Amino acid sequence: MIILNVTDTDFIALDVEEANRWLNDNIGSLVHDDWDCSYGDGWRLEYEPNTHSWLLQIQEESKAILFQLRWD
């Protein structure tokens, strides 16, 4: 499991539907979506209130690298 802090990336500025679509198409199928936590097959995007950060957990290293290449 790779955990990425995506708070300061262009990804977090995306419209929710566009962000979910990108994750669904490139990381894994969307399963659940709430304002503070979305997850799908092999990934989880969650707001951490203590640090005011958005953390993206990705199970596969190759997909985490894909995310970083596209959004960092």
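The values are calculated or read from the model by the stated rules, or taken from the named source; none is laboratory data. The shown structure was predicted, so the numbers you read here are calculated from the model rather than taken from an experiment. Quick reminder, even Gly has a Cβ in these numbers, built from the backbone with ideal geometry, and neighbours come from all protein chains shown. Remember, those area values only see protein heavy atoms, side chains included, never the ligands or the DNA or RNA. Shrake-Rupley method; radii C 1.70, N 1.55, O 1.52, S 1.80 Å.
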*asked:* Taking the solvent-accessible surface of protein heavy atoms with a 1.4 Å probe, what is the per residue accessible area of the chain in Å²?
replied: 65 Å²
_Surface share of carbon and sulfur [accessible, 1.4 angstrom probe, percent] for the chain_ = 45 percent
_With all protein chains modelled, accessible area of Ser29 [1.4 Å, Å²]_ = 70 Å²
*What number, in nm² with one decimal, is the all-direction average of the projected area of the convex hull of the alpha-carbon atoms of region 1-71?*
4.2 nm²
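Output the relative contact order of the chain, whole-number percent, from Cα pairs under 8 angstrom with separation of 6+ residues.
Computed over the chain, the figure is 36 percent.
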_Net +/- balance of residues flanking Asn24 in space, Cβ distance below 13 Å, scoring K and R +1, D and E -1_ = -3
*asked:* Output wanted: per-residue J couplings in Hz (rounded whole) for region 57-67, from phi through Karplus 6.51 cos²θ - 1.76 cosθ + 1.60, θ = phi - 60°, x for Gly and Pro.
replied: 9, 10, 6, 9, 4, 5, 6, 5, 5, 4, 4
*Would you calculate the separation in nanometres between label points at Arg21 and Asp8, each defined as 7 Å from the Cα along the Cα-to-beta-carbon direction?*
2.9 nm
*In region 2-72, GluC sites (Glu not before Pro) in a DSSP loop with at most 16 other beta-carbon atoms within 10 Å*: Glu60
*asked:* Which chymotrypsin sites (Phe, Trp or Tyr not before Pro) in region 1-49 sit in a loop by DSSP (not H, G, I, E or B) and have at most 11 other Cβ atoms within 10 Å of their own Cβ?
replied: Trp35
*asked:* I'd like the accessible area for Leu66, computed on protein heavy atoms only with a 1.4 Å probe and all protein chains in place. Round to 10 Å², please.
replied: 70 Å²
_Within the chain, percent of DSSP bridges classed antiparallel, to nearest 5_ = 100 percent
